[in-house]
Amino acid sequence: MNSKVDGSSTLNRSREIILAGQDEELFRSLERYASSMGWTTTRVDDPGSAVLVCKNAAPSVCLVEGALDDFDTIAVFISLHALRNPPRVVAYVDEVDASTMSLAKDAFGVDEILVKPCDLATIADCLMNGPPQRTISGATDVEAPKVAAAVAQAVGGGA
């Protein structure tokens with residue numbers, strides 16, 4: 001059973017982020033920024049591999065790029081949620097409606113949902129500082145000017 005009350009309880013146990021998916025440009029930028037902030041990252045191409053990595057590493061958070069209507073991705077979310085020491089799970093998806101979002105959170109164990117396109121500052125802030133102001137975040141939903149400036153500096157001027 002997942003005993004997390006909110007994302008902040010998991011942030012205290014490690015400073016490791018698992019990045020699961022295929023978005024090379026995003027993950028490369030997140031790795032640079034996370035490193036500049038004292039975090040470590042582990043990247044896996046296959047979201048299914050994230051479960052094994054999370055089981056062994058007990059990271060704070062796992063970003064899973066996928067679709068909320070894909071059975072393999074759903075199995076990953078449920079498996080991450082069922083771990084003895086589960087990470088905070090952030091879904092990074094193309095689109096989501098309200099009923100699917102509710103199902104993902106209630107039945108699949110997803111803690112936050114970020115909808116593409118989502119700016120780098122919002123993603124970094126969610127991963128390293130906890131949930132954004134809103135559960136579904138798009139490029140214009142959450143403004144994080146301090147994080148945006150830090151991200152831009154860490155990744156070489158562009159976020």
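Report yes if Asn56 is at pLDDT below 95, of a type in the set (S, T, N, Q), assigned to a helix (DSSP H, G or I) and under 15 Å from Glu16 (Cβ atoms), otherwise no. Spelling it out, Asn56 is indeed at pLDDT below 95, of a type in the set (S, T, N, Q), assigned to a helix (DSSP H, G or I) and under 15 Å from Glu16 (Cβ atoms).
What do you reckon, is Glu31 more than 20 Å from Ala58 (Cα to Cα), modelled with pLDDT of 85 or more and not in a loop (DSSP other than H, G, I, E, B)? Taking the combined requirement at face value, the residue does not satisfy it.
The number of residues in the range 49-65 being more than 17 Å from Cys126 (Cα to Cα) and either in contact (Cβ under 8 Å) with a residue 24 or more places away in the chain or touching a helix residue (DSSP H, G or I) at 6+ places or on another chain (Cβ under 7 Å) (or both) comes to 8.
Under the condition of being part of a loop (DSSP other than H, G, I, E, B), among the small types (Gly, Ala, Ser) and at pLDDT 55 or above, the residues counted in the range 93-145 number 3. Only one of the numbered conditions (1) crowded, with 17+ Cβ neighbours inside 10 Å; (2) within 15 Å of the chain's Cα centre (by Cα) is violated by Asp46, and that is (1).
The values are calculated or read from the model by the stated rules, or taken from the named source; none is laboratory data. Note that this is a predicted model, so its numbers are computed, not measured. Counting neighbours? That spans all protein chains shown, and the Cβs are built from the backbone with ideal geometry, glycine included.
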